[in-house]
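Structure first, commentary second.
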Amino acid sequence: MIYDVIIIGGGVTGCCIARTLSKFDLKIALLEKEADIASGTSKANSGVVHAGFASPREYLKRDMCIRGNKLYNQAVEELNFSFQRIGSFVVALEDGQIKKLEEQRREGTQDGVPGLEVILDKEKIKYMEPNITDEVVGVLHAPTAGIVSPYGMTIALADNAAMNGVKFFRNQKVSKIIHQNYTFTVKTKNKEFKASNVINAAGLYGSKISKMVGLDYFTITPRKGEYILFDRNAMHLNKILFPTPTKISKGILVCPTVSGNTFVGPNAQNITDKKDTSTTEAGLKEILEGGKKLVPNLPVRASIRNFAGLRAVSDNYDFIIDNTDVYGFINVVGILSPGLTSCYAIAERVVEFLELLGVNTKVKDDYNPIRPKPENFKDFTKKELDIKIKEDPTWGRIICRCETIPEKEILNAIHSPVGATTLDGIKFRCRPGMGRCQGGFCRPRLIEILSRELNIPYEEVTKMGEDTNYLIARTKDFRLNTIKGGAEE
Amino acid sequence: MSESSASVVKVIRCIVCPTGCQIQAISKGSDIVFEGYTCKRGLEYAEQEYYEPKRILTTTIRVENGFLPLLPVRTDKPILKEKLDEALSEIAKTVVSAPIVMGDILIENILGLESNVIASRNLTQK
Amino acid sequence: MKKYKADVVVIGAGAGGLAAALEVKKAKLDVLIVERAKELGGITLQCIHNGFGLKEFEEELTGPEYIQRFINQVIDLKIPYLLDSMVIEITKEKKVYAVNNNEGLIEVEAKAVVLAMGCRERTRGAINIPGFRPAGIFTAGQAQRFVNIEGYLPGSTYVILGSGDIGMIMARRLTWEGCKVKAVVEILPYVSGLLRNQVQCLEDYDIPLITNYTVTKIHGKERIKGVTISKVDRNFDRIIGSDKFIECDTLLLSVGLIPENELTLQAGAELSDNGGPIIDENLETTIEGIFACGNVLQVHDLVDMVTNEAKRAGLNAVEYINGRYGKELKKKDIIKCIPGENVNYIKPDIINKRDLSEEIIFTFRVRYPDRRVQIQFKDENNNVIYKKKKIYVIPSEMIELNLNLEETKIDPTCKSITVEVIPRPEVLIEEE
């Protein structure tokens, strides 16, 4: 079988392209090297949907961001992921920075960013965001900025794509691409896929994939950003808070999440190891200090997790979205911030490229753009709950007590179109293990359920794929196997 | 026999109460004397620990056809500390069948140590 | 919706819940136990080591043996219970809502509620450690469940962070199952658990106990490959240059327990700083007719103490229903109990003056170990109303005092008493 399109990479970019293309009558496959989608940059980023005024005007990513932001409304309506347009502040702490805010406002407004306003009335600023520092002298308010769960949206995109016929293949690290007779043969460790067109959305590994077809015109450098997440209810922020930007980065922000937490981060550190998502003492200190400049009373004691994500930075700091010289091979790489905002606009552009390549983009009759909102125990009234449990008793077996998640929601996460196969996969789909106990009570139950549903032994249940197994052996077998001769020793 | 031949052969930390006295077993010629204890129970403990340290062994045993795969068990009398490892391997090799009632003898006179391995709880069948 | 009625509903069928339910039943009132697990017994079932029952039964039992005795009584007395049933809401009107998979939504209408939900393990210890987030990090109790109940081992070589009792007991347990425990690492200068466990679980097996150290980095991207431990100063900050690497495939955390009070809070009861509900001398929370006992109230050292407290909660629930406390006397005139120097928390949090003539059981913990101390109770005018000498105090040992305040020099008009554990005056003089 020859696919019309193979997408390499199951991050937000790859999944958004997959979902966008799934409306056409095409045979599509998506290959992801990890055990789950949204396992790289899409799992660990700020989750901010930017208004679009921040990138320099000559950059492609500015256009993509402004357009992408506008496309969110329809996406939320169709895909039912959590998104809140809460607005952002760029915070000026000295008078000299106001000029920068004014410039951003003027240029942003000219380029179509709605509602930008520089606010200098400190009382008004404090009213809009009571947690902001007293040192504030002015802010640029962007009402169209919002927050989203980056992995939640990626999962929604993937599920809807799969509903519409896209085939998802996980644990498929691409090792070789052969291009012959207008057909690409994409090889992985244990499979081979053929396609007329290939879209490279491989994130940090974008240059590696591109080189496989002889295209060596850019590099991708990992840039690490560390974060600290605070407990729900520890602080309630109304706005996304950015410092006034410097040339290098948007700086360390303080921001709420759609789940009601607050986080601070990221810093920006160019590294060489594309797997180095470790946090560091110095980095965590840096982001706390940075965050405190905007919000002096950060709830430091209520931190519940720290983590780091890697952004894929191309040599020109911009997105690289190219219909390349290799006919049928499209590069979508260097997608760092505001990539999450831009993904819908990026997908539009990919459609244009495919049309140029002669791919038929007629919308199929049975295309269903709706990914239903996952049913949630917490949303039911008592009466509804009673009916639900009678219909399906797994609604009545609570697995995660911190977040009140019944077995049914976990089964739904496992049996959704692109279902969870790992504990992290379940956690990112329906939250068990994200609460205060961080999995203390539910983990044994989750391992039991995954083992049963996937028909694998307990020892083969993993946190996030290969080599991340939780349990090593049955209790007595281990002793008998390791202590040779047992008693005689 | 001079005083200088006395030497500390073992230091025993008393666990009878939270004070945690350091009791020394001192060799004086052919005798062992204990110093550092502050109560009679401490002396008894030190003597036992010096001459014949024993422990209650508490572990699990595999169950066939049980409500749970493992059953908690213990020895009904303390057994020699040096024999714990051997006893653990013996228990690891054994599989018992449900139903089981607390106190049931599962391994009689384990390793000839005059102690039985008994069930710590009831366990119904699957 | 399935409806039940009972005089008293007990939430949780662990050591606390069972003992409380038995007292209610013995007083000839109707009681219903609601338990989220698939069998009665609670966490004590997974504590398969011995050391239980010395106070309650005057013999040394394992956890399962201890709790089996209560389970047997519950069954003999035909006390009704619901298993696999998760309470999702408790109201001020003492209605309890739960779900289970064969009855759906359940409503229990009761006259009194006993909260006995126990505690959960603190995870904070790992969360702020920089490094990777690989597989292989477990809390000690979670590992205990896997090894003893589910029958699976989390790893083969371990570092245990925290020298609490569960951590030390797991060190021995894992050694017995053929695993290697490389070290027990404790940030404090002293062991947090009981001495007996230090000797019999660590020293017996030459497992190093490394105090004044903590884990400062987790290595390994997929599964843990090791941890870096570092010495800490008085402020628990890492001392530069003190790092040591320990290879291991599993990190166990035994960094404390926290009362589990989400339901209590949501019912509208107030909590105190120890994480448990605010209670009076009768173990009654700030909501009339809702009582708390066991680890949901305060983390205990021994299950025997939980049993004891739970019996009181059960009896007090009975007395409440039988109308012993006149409503007009209800919590109008109270004395607050405040933790003072070297006291971490104190229970009860408040005392009703109507009960001053009765013996009150105070329980509290110190913040740090000390020798030759004086425990003293002061009123708000610094009048010492009670004092007692103690040779040795340590945070891991809860202190219990039974006091009839009327027999002390208490001023009946006082509004608060502060409890302190201070060096004895004569010791200070000696040292000068």
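The values are calculated or read from the model by the stated rules, or taken from the named source; none is laboratory data. Source: prediction; values computed, not measured. With ideal geometry, Cβ positions are generated from the backbone for all residues, glycine too; neighbour counts draw on all protein chains shown. Side chains included, ligands, DNA and RNA excluded: accessible areas come from the protein's heavy atoms. Shrake-Rupley method; radii C 1.70, N 1.55, O 1.52, S 1.80 Å.
Helices in chain C, meaning DSSP H runs of at least 4 residues, each add -39500 (n - 2.57). Divided by all residues, the mean residue ellipticity at 222 nm is -5500 deg cm²/dmol. Per residue, the protein assembly as shown exposes 41 Å² of accessible surface when a 1.4 Å probe is rolled over the protein heavy atoms with every protein chain present. Tally the DSSP beta bridges in the protein assembly as shown and give the antiparallel ones as a percent, rounded to 5. The antiparallel proportion sits near 70 percent. Between the amide H of B:Val73 and those of B:Thr59, B:Thr60, B:Ile61, B:Ser120, distances stay under 5 Å, these residues lying 5 or more places away or on another chain, with hydrogens modeled in the peptide plane. Let's test this: bin the Cα-Cα distances of chain B at 5 Å from zero up to the farthest pair and state each bin's percent. Spelled out bin by bin, chain B gives 2, 10, 17, 14, 12, 11, 10, 9, 7, 4, 2, 1, 1, 0 percent. Across the range A:405-420, computed HN-Hα scalar couplings (Karplus, 6.51 cos²θ - 1.76 cosθ + 1.60, θ = phi - 60°) run 10, x, 3, 4, 5, 6, 4, 4, 5, 6, 9, 6, x, 10, x, 6 Hz from first to last residue, x flagging Gly and Pro. Let me test this: with uniform point scatterers at the alpha carbons of the range C:335-431, what is the Debye-based log₁₀ I(q)/I(0) at q = 0.15, 0.23 1/Å? Those come out to -0.56, -1.23, one per q. Among the protein heavy atoms of the range C:78-138, carbon and sulfur supply 46% of the accessible surface, probe 1.4 Å, non-protein parts ignored. Residue-wise HN-Hα couplings along the range A:179-192, as the Karplus relation 6.51 cos²θ - 1.76 cosθ + 1.60 with θ = phi - 60° gives them from phi, are 10, 8, 6, 6, 10, 9, 10, 9, 9, 10, 4, 10, 9, 9 Hz; Gly and Pro carry x.
Remark on the range A:381-476: ratio of C-alpha radius of gyration to 2.2 N^0.38 Å is 1.10. Neighbouring Cβ atoms from other chains, within 10 Å of the Cβ of residues in C:98-109, number 6 on average. When the Gaussian network model of chain C links Cα atoms closer than 10 Å, the mean-square fluctuations of C:Ile350, C:Ile240, C:Ile334 top out at C:Ile240. For C:Ala183, the residues whose modelled amide H falls within less than 5 Å of its own, excluding neighbours fewer than 5 places apart on the same chain, are C:Ile160.
Using only the Cα atoms of the range C:123-255, build the gyration tensor, take square roots of its eigenvalues as a ≥ b ≥ c, and label the shape rounded, prolate or oblate: rounded if a/c is under 1.5, else prolate if a/b is larger than b/c, else oblate. Spell out each step's value before the answer.
Working: a/c = 1.77, a/b = 1.17, b/c = 1.51.
Note, shape of the range C:123-255 comes out oblate.
Chain B against chain C buries an accessible area of about 2600 Å², both chains summed, 1.4 Å probe radius.
Buried area at the B:A interface is about 900 square angstrom, summed over both chains, from accessible surfaces computed with a 1.4 angstrom probe. Taking only protein heavy atoms and a 1.4 Å probe, the accessible area of the range A:376-472 is 49% carbon and sulfur.
Here is how the number arises for chain B: DSSP H runs of 4 or more residues each give -39500 (n - 2.57), the sum is divided by the residue count, and the result at 222 nm is -5500 deg cm²/dmol. Within the range C:1-144, the proportion of Cα pairs with more than 22 Å between them is 47 percent.
Its Cα gyration tensor gives chain A an equivalent ellipsoid; the semi-axes, largest first and in whole Å, are 35, 31, 23.
Contact residues in the range C:146-195 by the 40 Å² criterion (accessible area, 1.4 Å probe, full protein complex versus chain alone): C:Phe146, C:Ile149, C:Glu150, C:Gly151, C:Tyr152, C:Leu153, C:Trp176, C:Glu177, C:Gly178, C:Leu195. Return the subset of A:Lys23/A:Lys187; A:Lys70/A:Lys390; A:Lys167/C:Lys217 for which the Cα-Cα distance in this structure is over 31 Å, preserving the input order. Beyond 31 Å: A:Lys70/A:Lys390; A:Lys167/C:Lys217.
Here the peptides A:405-413, A:153-161, C:230-238, A:41-49 are ranked by packing, the mean other Cβ count within 10 Å, and the order with the highest first is A:153-161, A:41-49, A:405-413, C:230-238.
The per residue volume of the convex hull around the alpha-carbon atoms of chain C is 162 Å³. Interface area, chains A and C: about 4600 Å² of buried accessible surface, summed, with a 1.4 Å probe and ligands, DNA and RNA left out. Each pair of Cα atoms in the protein assembly as shown enters the Kirkwood radius, and Stokes-Einstein at 4 °C and 1.567 mPa s then converts it into a translational diffusion coefficient of 41 µm²/s. Share of the range B:58-119's accessible area from carbon and sulfur, percent, 1.4 Å? Taking all protein chains in place, the range B:58-119 shows 47 percent carbon and sulfur surface.
The mean number of partner chain beta-carbon atoms within 10 angstrom of a residue's beta-carbon across peptide C:215-226 is 3.
Applied to the range B:78-95, the Karplus parametrisation 6.51 cos²θ - 1.76 cosθ + 1.60 on θ = phi - 60° returns per-residue 3J(HN,Hα) values of x, 10, 4, 4, 5, 9, 4, 5, 4, 5, 4, 5, 4, 5, 4, 7, 8, 10 Hz, with x for Gly and Pro. Mind checking which lysines have their C-alpha under 16 Å from A:Lys124, skipping anything on the same chain fewer than 8 residues away? Result set, ordered by chain and number: A:Lys239. Which aspartates and glutamates have a Cα lying under 15 Å from the Cα of A:Lys224, excluding residues fewer than 8 positions away in the same chain? Correct list for A:Lys224: A:Asp273, A:Asp276, A:Glu281, A:Glu286. Ignoring aspartates and glutamates fewer than eight residues from C:Lys2 along the same chain, the ones with Cα atoms less than 19 angstrom from its Cα are A:Glu384, A:Asp386, A:Glu391, A:Asp392, C:Asp30, C:Glu35, C:Asp84, C:Glu89, C:Glu93, C:Glu103, C:Glu107, C:Glu109. Comparing the full protein assembly with the isolated chain (1.4 Å probe, heavy atoms, ligands and nucleic acids excluded), the residues of the range C:1-41 losing at least 30 square angstrom of accessible area are C:Met1, C:Arg36, C:Lys38, C:Glu39. Contact residues in the range B:22-61 (at least 20 Å² less accessible area with all protein chains than alone, 1.4 Å probe): B:Arg55, B:Ile56, B:Thr58, B:Thr59, B:Thr60.
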